[in-house]
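What follows draws every value from the coordinates through simple rules; no lab data is involved. Fair warning: this is a prediction, and the values are worked out from it, not measured in the lab. For neighbour counting, all protein chains shown are included, and Cβ atoms are generated from backbone atoms with ideal geometry for every residue, glycine included.
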Amino acid sequence: MKSISIILPCYNEEEALPLYFQSVDPVIKDIKDYTFNFILVNDGSKDKTLDVMNDLYQKRNDIEIVTLARNFGQNPAIYAGLSVCDSDYAIIMDADLQDPVDLIKTITEKFSEGYEVVSPHRANRKSDTWFKRTTAGMFYKFVNAIEGKKVIPENVNAFRGISRRVVELFNKLPNKDRLFLNDVAFVGFKTCYVDFVRQKRAAGSSKYNVNKLFNHAFNIISSGTSQPLFAVLKYGAIFSGIFFLVFLGLLISYCVINTGSLISYNHTLTIFFILSSVFLALSIIIFVIGIIGLYLHNVLINTRNQPLFIIDRVVKQEEKEDLNPSLSDKEENRVSD
Ligand code: UDP
Ligand code: MG
């Protein structure tokens, strides 16, 4: 029988985790063709998430706990989970029941049909706030427009089912500016989409504030495509050409035809016009420097070659009797490379 690891990145999910297991148990009991285990990644939680994990670990026999050295973020937590996964398939989902557990059955059916990547696709975003819905919609359109093709399918997130081959590939990818969403799009393989309606959080609150969401959006673009750099070059050349012609026209009109009407008759308007042009030009330059800076940031991350995550401890079922997070001699330090 094939095995599936369900990987749950968790940051301050003490309330959500027990609810998750209440909901998932009837679902996996109903699936006869696969065996399941859960890889719970504690991403430096500050609440009692680790205690809840330990409690689940004691009561059940299908739990592995990966404790990261600090909070690294959702993406590194997913990769940490994948690094210890030795099952035939992995399903990555939120621990807050926003990704419906019922879909696990559909994903296993797709695995049985031979799909290596199963991407749940949000049929609508009604559970999101107006702000998140609108900005997310604009974001996907923008990314796919600059790339000229669908790099990132709209309305999919980290909720995925992937095969062993894909897990191993991810574990071998050397770059450090990685995002799970981009990596899934990058590797390809036989992929299918299944529709789902994202639920409201069962408990706790979202770990993404507006600032984090914007940073995440910029990271998706800069680590997924270098098209913005080409766009800056292309549009920079086109606008330079246009403004050169405008400048030439003004010069000719002023010197040769000598109308000079704009300059002599409406002094205030001229100053306003010149100042706004200067500010517009400055903001465009700052924006372009920002874009280049983003890519430089990725180069820096890759040349530093720091690990994506650092694992403090992995607890597997075999070590059940040894469980005691405070015992330093049992600690296992791992880094990703
Ligand atoms: N998460 C994490 N580390 C973080 C932030 C989030 O492991 O630094 C986990 C979180 O516990 C959840 C998943 O990633 O299981 C998605 O986060 P969240 O639900 O807050 O995001 P949203 O669904 O609101 O986009
Ligand atoms: Mg969530």
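A few points about this structure:
- When the chain is treated as a Gaussian network with alpha carbon springs shorter than 10 Å, the biggest mean-square fluctuation among Gln98, Gln227, Gln22 belongs to Gln22.
- Gyration tensor (alpha-carbon) shape descriptor, the stretch 1-140, a/c threshold 1.5: oblate
- Sorted fewest first by neighbouring Cβ atoms within 10 angstrom, Lys320, Lys59 come out as Lys59, Lys320.
- Top of Lys32, Lys207, Lys176 by mean-square fluctuation, Gaussian network on the chain, Cα under 10 Å: Lys32
- For the cross-link pairs Lys48/Lys316; Lys29/Lys200; Lys2/Lys132, the ones whose C-alpha atoms lie over 28 Å apart are Lys2/Lys132.
- For Ile63, distant residues with modelled amide H under 5 Å away: Phe38
- Going from the residue with the fewest nearby Cβ atoms within 10 Å to the one with the most, Ser283, Ser206 rank Ser283, Ser206.
- Taking Phe139, Phe131, Phe180 in turn, the Gaussian network model of the chain (Cα-Cα springs below 10 Å) assigns the largest fluctuation to Phe131.
- Most to least packed among 38-47, 310-319, 5-14 [average Cβ atoms within 10 Å]: 5-14, 38-47, 310-319
- Axial C-alpha extent at least 27 Å, average Kyte-Doolittle at least 0.0 - helices from the chain (DSSP): 227-252, 267-304
- Amide H contacts under 5 Å for Asp47, placed H, 5+ residues apart: Asn12
- Equivalent-ellipsoid semi-axes for the chain (Cα gyration tensor, √(5λ), whole Å, largest first): 50, 21, 19.
- For the stretch 9-50, the equivalent ellipsoid built from the Cα gyration tensor has semi-axes of 24, 12, 5 Å, listed from largest to smallest.
- Debye intensity ratio in log₁₀ form over the Cα atoms of the stretch 154-226, taken at each q of 0.11, 0.22, 0.25 Å⁻¹: -0.36, -1.20, -1.29
- Only lysines eight or more places from Lys320 in sequence, or on another chain, were considered; those with a Cα closer than 18 Å are Lys59, Lys330.
- Cα-based equivalent ellipsoid of the stretch 76-204: semi-axis lengths in Å, sorted from largest, via gyration tensor: 23, 19, 15
- Debye intensity ratio in log₁₀ form over the Cα atoms of the stretch 201-245, taken at each q of 0.31 Å⁻¹: -0.99
- Radius of gyration over Kirkwood radius for the stretch 33-76, both on Cα atoms: the Rg/Rh ratio is 1.03.
- Distances between placed amide hydrogens fall under 5 Å for Phe196 paired with His121, Arg122, Ala123, all partners being 5 or more residues away or on another chain.
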